[in-house]
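The values are calculated or read from the model by the stated rules, or taken from the named source; none is laboratory data. These numbers were taken from a predicted model, which means no experiment stands behind them. Positions of Cβ are generated from backbone atoms using ideal geometry, with glycine treated the same way; all protein chains shown enter the neighbour counts. Surface areas here come from the heavy atoms of the whole protein model, side chains and all, with no ligands, DNA or RNA. Shrake-Rupley method; radii C 1.70, N 1.55, O 1.52, S 1.80 Å.
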Amino acid sequence: MVSPNPENSEAMTLGMKLGTKLNADLVIASDPDADRLAIVCRNSAGEWEILNGNQTCMMFAWYIIANKKKLGQLRGNEFLVKTIVTTELIRRIADKNEVELMDCYTGFKWIAALIRENEGVKKYIGGGEESFGFLPFDKVRDKDSPASICLICEIAAWAKDNGKTLYDLLMDIYLEYGFTLNHTINVVRPGKTGADEIKQMMVDFRGAKAPKTLAGSKVVCTKDYQALTVTDANGAVTPLDMPAKSNVLQWFTEDGTKVSVRPSGTEPKIKFYIEVPADLPNAAAYNAACDAAMKKVEAIQADLAI
C-alpha cells in the first residue's frame, strides 16, 4: 500500500481484492486514526466503484433526512452542516425537504462550533466535508468514521431491502436533485518563489484576473471570505456572515457551476475545488454525464490558466 489515506484510491486496492474474493457488496476503510472513511460499492455492471467524499457526504445527508422524515422525527428545528467547498447538491436536498443547511470552513472544529452554538435551540442531524469525513451524531465532535461506517452499512442494508444497491441509490439521488461532478486540482509551487506566486495568484483573482465567465457561463456571485463580502452580477456588495476571515474565493455561475480556490495552510500548493453540472437523463447516462462535466472542468482550467 502506497498510503493508508482513504482519500487516495490506491489505499482501497487490497480491500477490493478481498471484496472480490468474498463476493462482497461493499468495501469500507478508514485511515489509521479512524476519522476519514472511504466506500467502494458495486456499480450497475457489478464492478467496483469508489465513491468520492462529496458523494458519501451527499448520501449520508439524503438518508438522514429521508429516514427521519419517514419516522416522523423532523420537528422543523433540525440542521445539517457542510463545509463551503463541499457539493451544493446537499443544499438542494436540504432545501427541498425544508431542513436548514449551514456552511462552515474546512475542518471539523467549525462543525463542532456550530453544534455548540445551537445547543438547546436547534437539533444537529449531520455534517461533513468533501475530504471523506462525516459526523452523523453530536456526541463525538470530530470526524467519526466508526459511527459513519455503521451508518453506511445501515444505508446499504436499507437499499438492499428495497431491491437496490448503494450505486442505485446514488443514481436515484442524482436523478431527483440533479447531477454535478466535483473535481479538485492542486497546483504545487514549492519554495519561497512558489509561496510568492501563490500569494500573487490570490491577489490577481481578486483583481485584474477575476473571471467574468467560467466554461462559457456568466459569474453571477463572488464570495470573498477574506473580505467577508458577497458580490452579485451587478456589482452590489453585501456582508458575508462567517465567524472569521479566511483566504478563500468562490465563484458561482448561471449554470450552477461553483469554483472555490484557497491556498493550503500546510503545503506549498493552491487548491481549486470545481463543481460543474451536466445533464443526466437516466442512470445509464452516468458515464457520459461525467465525460461532459470533465470537458467543462478543462474549460475552467483554461479560463483560470491553471
* To do: Round to a whole angstrom and tell me the spacing of the C-alpha centers of the stretch 24-89 and the stretch 112-160.
  => 9
* **Under 20 Å from the Cα of Lys69 - aspartates and glutamates, other chains or at least 8 residues apart** => Glu78, Asp95, Glu98, Glu100, Asp138, Glu154, Asp161, Asp172, Glu176
* Phi to ³J(HN,Hα) by Karplus 6.51 cos²θ - 1.76 cosθ + 1.60 over the stretch 261-274, Hz, x for Gly, Pro -> 9, 8, x, 5, x, 10, 10, x, 8, 10, 10, 10, 9, 10
* To do: Evaluate E = 1/(1 + (r/R0)^6) for Ala208 and Arg91, where r is the Cβ-Cβ distance and R0 equals 25 Å; express this FRET efficiency to the nearest 0.05.
  => 0.20
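Assuming a ≥ b ≥ c are the square roots of the Cα gyration tensor eigenvalues, decide whether the stretch 236-306 counts as rounded (a/c under 1.5), prolate (otherwise, with a/b larger than b/c) or oblate.
Details: a/c = 2.37, a/b = 1.67, b/c = 1.42.
Verdict is prolate for the stretch 236-306.
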* Between Thr13 and Asp279, take the C-beta separation as r, use R0 = 35 Å, and let me know the FRET efficiency to the nearest 0.05. => 0.60
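So how strong a dipole does the chain carry about its Cα centre when Lys and Arg Cβ are +1 and Asp and Glu Cβ are -1, to the nearest 20 debye? The partial results should precede the final answer.
Details: 36 positive and 40 negative charges, 77 e Å.
Roughly 380 debye, rounded to the nearest 20.
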* Asked: Excluding same-chain residues fewer than 8 positions from Lys21, which lysines have a Cα within less than 25 Å of its Cα?
  -> Lys160, Lys164
* Near the amide H of Glu130, under 5 Å away, which other amide H atoms are found, from residues 5 or more places off or on another chain, if H is placed in the peptide plane? -> Thr83, Thr86
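At 0.36 nm per residue, and after removing the present C-alpha to C-alpha distance, how many nm does the segment from Asn247 to Thr20 gain when stretched out fully? All intermediate terms of the calculation are to be shown ahead of the outcome.
Working: separation 227, 0.36 × 227 = 81.72 nm, distance 4.40 nm.
Separation in residues times 0.36 nm, less the Cα-Cα distance, equals 77.3 nm.
When the helix-only estimate is applied to the chain (DSSP H runs of n ≥ 4, each -39,500 (n - 2.57), divided by the residue count), what is the mean residue ellipticity at 222 nm, nearest 500 deg cm²/dmol?
After summing the helix terms and dividing by residue count, I get -11500 deg cm²/dmol.
Leaving ligands, DNA and RNA out of it, rank Trp62, Trp158 by accessible area with a 1.4 Å probe, largest first.
Values: Trp62 40, Trp158 80 Å².
Ranked list, largest accessible area first: Trp158, Trp62.
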* Taking amide H positions as placed 1.01 Å from N in the peptide plane, with prolines and chain starts having none, which residues 5 or more places from Leu240, or on another chain, fall under 5 Å of its amide H? -> Thr229, Val230
* Order the following by accessible area, largest value first: Glu298, Glu10. Probe radius 1.4 Å; ligands, DNA and RNA are ignored. => Glu298, Glu10
* Leu304, Leu71, ranked by accessible area, largest first (probe 1.4 Å) -> Leu71, Leu304
* Decide, for the stretch 181-306, between rounded, prolate and oblate: order the square roots of the alpha carbon gyration tensor eigenvalues as a ≥ b ≥ c, take rounded if a/c falls under 1.5, and otherwise choose prolate if a/b is larger than b/c, else oblate. => oblate
* To do: Please work out the average accessible area per residue across the chain, using the 1.4 Å probe convention, and give it in Å².
  => 48
* To do: Assuming a ≥ b ≥ c are the square roots of the Cα gyration tensor eigenvalues, decide whether the stretch 70-112 counts as rounded (a/c under 1.5), prolate (otherwise, with a/b larger than b/c) or oblate.
  => oblate
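Want the number for Ala288 to Asp172: 0.36 nm per residue separation, take away the alpha-carbon distance, what's left? Intermediate results must be reported in sequence, preceding the final value.
Working: separation 116, 0.36 × 116 = 41.76 nm, distance 1.65 nm.
Gain on stretching Ala288 to Asp172: 40.1 nm.
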* Structure fact -> Listed by chain and number, the aspartates and glutamates with an alpha carbon less than 13 angstrom from that of Lys258, same-chain partners under 8 positions apart left out, are Glu88, Glu275
* Long-range amide H contacts for Leu280: which residues qualify at under 5 Å (H placed 1.01 Å from N, peptide plane, sequence gap of 5 or more or a different chain)? -> Phe179
* **Filtered GluC sites (Glu not before Pro), the stretch 41-115: DSSP coil and at most 12 other beta carbons within 10 Å** => Glu47, Glu98
* Structure fact -> Quick calc: nm separation of the 7 Å Cα→Cβ label points for Phe137 and Glu119 -> 1.6
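Using 29 Å as the Cα-Cα cut-off, could you pick out the over-long pairs in Lys212/Lys245; Lys143/Lys271; Lys68/Lys269; Lys109/Lys296; Lys96/Lys296?
Lys68/Lys269; Lys109/Lys296
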* Asked: For the stretch 68-173, which whole percent of the accessible surface, found with a 1.4 angstrom probe, sits on carbon and sulfur atoms?
  -> 51
* Asked: Got a sec? Charge dipole of the chain, +1 on Cβ for Lys and Arg, -1 for Asp and Glu; which of Gly72, Ile300, Met202 is way out at the positive end?
  -> Met202
